[in-house]
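Down below is the structure, laid out as structure tokens.
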Amino acid sequence: MTVRDRPEVVLTHHFFTALFDFGFLSDEGAEAFKRLLLGGLALAIAGGLLLMRLFMNKYGLLAGAPEDYAREVVADHAFLMALPMWVVAGAMALAGQSLFPNEVDFRILMAEPLSRRLIFAAKLAALLLFGGLFIAGTHLGLLPVAALTLIGSTSIGSAASTAMAFLASSLLASFFAAFAIVAIHGVLVLLAARHRLLAFSGVVRVVVIGGLVLVLPLVLRLPASADAFAAGAWWLVLAPPAWFAGLERWLLGDTASSMLALQATAATLATVAIAVIAYVRLYRRFDRVTFQSAVRTTTPDWASSTNRRSPAAPVRHAVGRFVSLTIRRSVLHQGLVVGVLAGAGGLVLDSLLRANWRVDAAVDTELIWLLLWTPMTMMFVAVPAMRMALSVPLDLRANWIFRMTEDVEGRAEIAAAGVRVVLALAVALPIALIAPLQWSTMGVASLAVQIVEAAIGWLLVESLMANWRRVPFTCSYIPGKGFVPQMCVKAFAAYVTFTGATGLALLASLRSLAVAIGLTALVGGTAAILRWRRARRAREMGLLFEDEMPADVYPLRLYAD
Amino acid sequence: MLQARGLTKRYGGLLALDHVSFELHPGEIVGYLGPNGSGKSTTVNLVVGLLEPTVGCLSLLGVRAADDPIAYKRQIGYVPEEPTLYAHLTAGEYLTLVGRLRRLPSRTLDARIPVLLRLLQLHDSRHKSMTMFSKGMRQRVLVAAALLHNPRLLVLDEPFSGLDVNAGALLRTLLRMLADDGRMIFFSTHRFDMVEKLCSRVIVLSSGRIALERRVADFERDGPESLEATFVRATQQPDFAPVAREILDTISGG
């Protein structure tokens with residue numbers, strides 16, 4: 001028997017590959033997803049090169065100013081530690097369901113002549129490989145940028161000692177991020193009631209992913225926080241990357257950072273201890289993850305799902321409820337929806353936090369512009385992302401029931417159901433979230449702004465869903481149909497145009513009620529026409545259950561037919 | 001009446017079904033038999049309208065599937081081979097979804113769903129999502145969903161798979177009564193005993209063609225040869241003893 005055939009190696013390989021398994025993708029979709037990842041990698045490399053260029057300029061200038069260097073490098077190193085932490089935590093959170101041996105592992109593997117010890121050891125090894133892969137990958141990727149920050153490091157120590165201190169702190173920070181996710185899941189598995197385990201696990205994953213998306217803008221702000229680090233700002237004790245930046249300083253002999261260093265060490269030890277205890281406890285009580293009872297719903301009775309009166313559009317009603325139940329109960333779709341909304345929120349959070357709220361808002365154009373720009377930005381991100389979330393399928397084989405019951409009027413109702421969900425979550429929700437801030441700064445005039453915002457949001461949804469002919473979650477899905485960098489350039493141009501134009505329209509609506517009424521009528525009328533066209537197209541063309549790649553080759557047709 | 005005329009289905013170069021024709025009359029239960037890969041599931045998918053034939057046509061109660069697929073499918077209740085349903089829903093939620101998609105009034109759903117759940121012994125599990133339902137429980141939910149709109153044609157693909165003895169007996173009795181009430185029942189199976197007990201006619205499929213079509217009563221009248229023996233002969237099944245011997249030799253050897 002070769003090493004590759006040994007059961008522990010085979011099992012570790014199985015668990016490792018399972019961590020990358022996106023079960024919702026078809027073979028074609030998985031291929032497209034790989035292309036999407038490659039596109040993402042290309043973007044990451046481009047971003048890294050841009051970062052290098054920025055750091056090269058910055059540290060070239062700082063080489064002759066030791067005091068400035070010492071102040072700036074702390075914040076930059078905190079940033080360079082935060083990026084791998086974010087990536088590693090995100091990867092571990094996405095693989096959350098597979099962090100511990102689960103019921104499927106039990107049913108399949110315990111029937112084989114394999115010991116429980118072997119199953120746990122293989123799972124742990126796969127997990128370490130998985131985490132290690134992301135830790136190594138992100139650190140290798142950031143190595144050139146980190147090297148640039150060592151220019152001029154002689155002001156705080158030798159380049160070698162600074163490099164060693166940075167690497168040790170950064171690796172520890174990534175280990176902390178990985179073990180923190182494992183610890184959270186471990187505590188949950190041990191403490192949650194067994195019949196609630198699946199639901200809790202899903203909620204935790206959603207909250208962690210949502211939180212990570214939300215803090216991304218704050219991570220990107222770290223390089224500009226040198227003054228906060230120098231002044232020992234209060235928020236440093238709440239920001240894990242700052243702890244490890246403090247640890248690096250302490251390793252280089254800065255005693256002022258000893259509290260942050262202590263916090264970093266204690267937090268890492270605590271998360272490792274909790275993760276290990278969770279594994280050991282689970283090893284002894286494997287029944288915790290097996291024979292989980294089915295998720296009990298809060299539905300009081302079957303009759304609560306129907307109304308006594310028949311709805312005017314029963315198919316739309318049925319599909320709307322199907323979407324709502326799926327988002328509530330499918331961990332994958334819940335994660336997608338929360339991720340989308342958190343992403344949209346995260347994009348504007350940074351700007352809202354930086355705004356000067358103490359000035360007289362009524363006369364501060366910058367603040368008003370920010371509050372008009374915010375919901376538009378959230379909509380611009382959330383509408384296409386929510387459309388994508390509704391496209392990710394759930395058990396494709398079960399969609400036969402929709403194919404069997406399809407009828408002409410039902411097609412239009414089904415298309416409308418998807419559009420309504422996007423309108424509710426990607427348009428109405430951002431408007432409702434920002435409305436109190438707008439009200440407090442603009443007063444009653446903000447009502448006109450919100451009506452125009454709703455009309456613009458409706459038009460955006462109808463434009464992006466003009467060809468929507470799917471029952472949400474029932475059509476096969478091919479992600480990344482276009483070339484990612486090209487799509488990003490297009491999206492950026494569209495974003496600038498959309499937020500710029502709509503911001504001006506909203507500003508005009510704020511100043512003149514007549515403009516607001518006129519714009520609402522124009523935009524709402526256009527949206528209504530698009531809605532009518534969408535319904536007609538859905539009725540004529542039927543529902544879509546198989547996603548298709550766009551034709552890659554567009555013939556020029558330079559010949560005569 | 002269900003009429004299938006010259007049904008042919010090609011998947012690329014593969015001929016799955018080759019000019020299959022049959023009829024199904026009200027009150028009849030037809031058993032559809034055939035070895036794996038003979039084209040049974042393809043026929044079922046064509047009959048319920050999930051696939052379109054390459055050549056041939058289907059009509060149900062005078063409605064041609066090609067002319068008006070929606071009206072055609074409205075008359076059909078279908079229980080698929082695998083109990084594929086949206087398991088994150090409860091049984092009641094799934095039946096409500098199906099009822100609404102079929103545009104049944106709320107009053108009808110209110111009257112039918114709890115009774116079906118109770119009679120099919122799913123009432124105690126009505127608050128649970130179907131993720132942890134056994135295959136038999138899911139099969140019962142699908143039977144309820146297929147009957148909810150009172151269809152004229154019931155198409156069942158291995159309906160007894162996963163059902164316990166009691167549920168199997170209930171379904172058998174129910175199918176008999178539905179047929180007596182004038183409904184058409186087309187069911188695909190591997191179980192000869194069920195065909196013999198339940199069906200009025202049997203169609204045997206082999207390599208995409210009809211190898212045998214006969215009334216079940218004729219087997220008793222014409223002689224001692226059992227349905228199983230007839231099936232083996234009609235589908236030209238090999239002698240399995242040498243195959244079993246070879247498997248035994250393989251696992252016994254090094």
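No other residue among B:Phe231, B:Phe219, B:Phe186, B:Phe160 is part of a loop (DSSP other than H, G, I, E, B) and either of a type in the set (A, V, I, L, M, F, W, C) or at pLDDT below 85 (or both) apart from B:Phe160. Annotation for segment B:84-94: no member residue is more than 7 Å from chain A (Cβ to nearest Cβ) and of a type in the set (D, E, K, R). Apart from one condition, B:Tyr78 fits all of (1) within 14 Å of another protein chain (Cβ to nearest Cβ); (2) farther than 16 Å from B:Asn150 by Cα; (3) out of contact with any Lys or Arg (no Cβ under 7 Å at 6 or more places or on another chain); (4) buried (at least 21 other Cβ atoms within 10 Å of the Cβ); the exception is (2). The set of residues from segment A:486-543 being among the aromatic types (Phe, Trp, Tyr) and closer than 30 Å to A:Val319 by Cβ comprises A:Phe498, A:Trp532. Of the helices (runs of 4 or more DSSP H) lying entirely inside segment B:10-122, those containing at least 3 residues that are aliphatic (A, V, I, L, M) and more than 16 Å from the chain's Cα centre (by Cα) span B:91-101, B:106-119. Taking segment A:294-328 as the range and being assigned to a helix (DSSP H, G or I), facing chain B (nearest Cβ under 8 Å) and modelled with pLDDT under 80 as the test, the residues that pass are A:Trp302, A:Ala303, A:Ser305. Quick one: is B:Val141 surrounded by 18 or more Cβ atoms within 10 Å (Cβ to Cβ), at pLDDT 90 or above and either within 11 Å of chain A (Cβ to nearest Cβ) or not in a loop (DSSP other than H, G, I, E, B) (or both)? Judged against the criteria, B:Val141 is a match.
Report, by residue number, each residue of segment A:455-481 that is surrounded by fewer than 19 Cβ atoms within 10 Å (Cβ to Cβ) and either free of Cβ contacts under 8 Å to residues at least 24 places away in the same chain or assigned to a helix (DSSP H, G or I) (or both). Across segment A:455-481, the qualifying residues are A:Ser463, A:Leu464.
The values are calculated or read from the model by the stated rules, or taken from the named source; none is laboratory data. Values in this document were obtained by computation on a predicted structure and should not be read as measured data. As a convention, Cβ positions derive from the backbone with ideal geometry for all residues, glycine included, and neighbour counts pool all protein chains shown.
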